[in-house]
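Structure first, then comments.
Every read-out reported here was derived from the displayed coordinates using simple, explicitly stated rules and does not represent laboratory data. Because the structure is predicted, anything quoted here is derived from the model rather than measured. Cβ placement follows ideal geometry from the backbone for every residue including glycine, while neighbour counts extend to all protein chains displayed.
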Amino acid sequence: MAEAFELEELQEKVILVGVSEQEGDDAEDSLVELAELVRTAGAQVVGTLIQKRELIHPGTYVGTGKVAEIAELIEQTGATGIVCDDELSPAQLKNLEDQLQTKVMDRTLIILDIFADRATTSEGKIQVELAQLKYRMSRLTGLGRSMSRLGGGIGTRGPGEKKLEIDRRLIKDRIAQLNRELKEVQKHRDVARAQRTRNQIPVVAIVGYTNAGKSTLLNHLTDAGVLEEDKLFATLDPTTRLLELPGRQQVLLTDTVGFIRKLPHHLIEAFKSTLEEAKYADYIFHVVDASNPQRDKQMHIVYETLDQLGVKDKTVVTLFNKQDLRTDDEPMHDFRADHTLAISAAKNEGLEEIKELLSEILRENKIYIERVIPYADAGMIQMIRKQGELISEEYEADGIAVKAYVPMEVYGKLP
């Protein structure tokens, strides 16, 4: 009988390279995050190197001395490539490849690679391919070895290398086609938003740094069944679910893609229709990983991204999640939030408080009524349930006695 051999896919080994441009910046933390991104993409980190420079080198990202140091590290560790922590220009990419004779990638390429792996819906796939093609379009000139990575591995998911080897005109045609497809998808999204507006059901967008627990929160509040993993960008595609609050009032919760340091502008452009769910929502749930020592920096990045998207004048509720994993007892603050709560979505801790707080917020723009609705107008009760908060209803001889909070539009229609 022939002996069976188990074949294992060769895992890529990479060295991480970063530049610290000033004392006290977050270059080290950024490299720690890059290591997590690389692991998520399926590679192994075998070395890290940070150079302190006033400015990133325009030709080789790091100085010539560091390039020689990287070459030595590649030989010592058997690395199959390097990943730089910033987006490289075509010249930097080509020069590093020529001098190091190895695969050269940057942070943007790794993030795009993860997105390509995680996209499941047609919209997600269109958005990712569009972002990848735009990114690589600017790098077609003289890419040499990097354009023919026949060995596969990280950085090669998505549209495929054959598409990238065709000429610039065909890539432009493909980008134009994807833009047309994306516009159709955006139309459908706009129709859905318009429908929600007509239904007058409040919309809450869940935003936050990647892996802060947004999908877990949505699942535990609404039984949404969204994938939960302790990974960066575990879910890409937005999910909207109905949540019933005390008083049977309904709101829509919409999960959004997670934010991250140096989120590639190609991705922001391609995923704009998805990210803009926050722009068109009535309220924002900002989920923060309270157990992460970098939580303040992560909160800053989330607000920076929201500002980029034009999200403003929204009531923000910051949810300091993962309280069960905290190892410090420092007080937590978010001075840009209107309300804050400490929760642990995975442990179902604080979820009732979220519902109660949301009910209170929704009441702020409503009118309290005590009224008897004639039986002939009993259909108004359903409208109150849907658009307001029905506290009590009692059936009496001359009609239905209700106590409720209702929006101005409903108040004007009451008999």
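For the chain, adding -39500 (n - 2.57) for each run of n ≥ 4 DSSP H residues and dividing by the number of residues yields -12500 deg cm²/dmol at 222 nm.
For the stretch 237-293, rounded, prolate or oblate, judged on the Cα gyration tensor with a ≥ b ≥ c (square roots of eigenvalues), a/c < 1.5 rounded, else prolate if a/b > b/c? Mind showing how you got there, number by number?
Details: a/c = 3.07, a/b = 1.53, b/c = 2.01.
Oblate.
Note: relative contact order over the stretch 13-110, using C-alpha pairs below 8 Å and six or more positions apart, is 34 percent. Peptide packing for 262-270, 303-311 was compared via the average number of neighbouring C-beta atoms within 10 Å per residue; ordered from the highest value, the list is 262-270, 303-311.
Placing dummy labels 7 Å off each Cα toward the beta-carbon, the span from T121 to I381 is 3.6 nm.
Under the classification rounded if a/c is under 1.5, otherwise prolate if a/b is larger than b/c and oblate if not, where does the stretch 303-368 fall, given a ≥ b ≥ c as square roots of the Cα gyration tensor eigenvalues? The shape class here is oblate. Each residue of the stretch 353-364 was assigned a 3J(HN,Hα) from its phi angle through the Karplus curve 6.51 cos²θ - 1.76 cosθ + 1.60 (θ = phi - 60°); the sequence is 4, 4, 5, 5, 5, 4, 4, 5, 5, 5, 5, 4 Hz, with glycine and proline shown as x. For a test of the definition: using alpha carbon positions, the gyration tensor, and the 1.5 limit on a/c, classify the stretch 201-362 as rounded, prolate or oblate. Here the stretch 201-362 falls in the rounded category. Scanning residues 5 or more positions from I206 or on other chains, those with amide H under 5 Å from its amide H are T254, D255, T256, F285, with H placed 1.01 Å from N in the peptide plane.
Please identify, among I284, I171, I260, the residue showing maximal mean-square fluctuation in a Gaussian network model of the chain using a 10 angstrom Cα cutoff. Greatest mean-square fluctuation among the candidates belongs to I171. Computed over the chain with a Gaussian network model linking Cα atoms closer than 10 Å, the most mobile of A192, A337, A91 is A192.
Neighbour counting of Cβ atoms within 10 Å sorts the residues E36, E54, fewest neighbours leading, into E54, E36. Between the amide H of D26 and any residue lying 5 or more places away or on another chain, no distance stays under 5 Å, with hydrogens modeled in the peptide plane.
Shown in residue order for the stretch 182-191 are the 3J(HN,Hα) couplings computed by the Karplus curve 6.51 cos²θ - 1.76 cosθ + 1.60 at θ = phi - 60°: 5, 5, 5, 4, 5, 4, 4, 5, 5, 5 Hz (x for Gly and Pro).
Between T315 and I284, the built amide H atoms are under 5 Å apart, and every one of these is 5 or more places off in sequence or on another chain.
Normalising the Debye intensity of the stretch 365-411 to I(0), with uniform scatterers on Cα atoms only, and taking log10 at q = 0.24 Å⁻¹ returns -0.79. Each DSSP beta bridge with both residues in the chain is either parallel or antiparallel, and the antiparallel ones are about 35%. Taking only the Cα atoms of the chain, the ratio Rg/Rh comes out at 1.07, with Rh defined as the Kirkwood radius.
In order along the stretch 50-67, the phi-based Karplus estimate (6.51 cos²θ - 1.76 cosθ + 1.60, θ = phi - 60°) of 3J(HN,Hα) comes to 10, 10, 8, 9, 5, 9, 4, 5, x, x, 9, 6, 10, x, 4, x, 5, 4 Hz; Gly and Pro are listed as x. Say the dipole of the chain comes from +1 at the beta carbon of Lys and Arg and -1 at that of Asp and Glu; which of M408, V19, Y209 then lies farthest toward its positive end? After comparing all options, I get M408. Global size of the stretch 13-110: 12.2, 33 Å for Rg and Dmax (C-alpha atoms, Rg to one decimal, Dmax whole). The lysines whose alpha-carbon is closer than 28 Å to the alpha-carbon of K386, local same-chain residues fewer than 8 away aside, are K187, K214, K279, K312, K314, K355, K366, K403, K413. Across P293, P331, P90, mean-square fluctuation computed from a Gaussian network of the chain (C-alpha pairs under 10 Å connected) peaks at P331.
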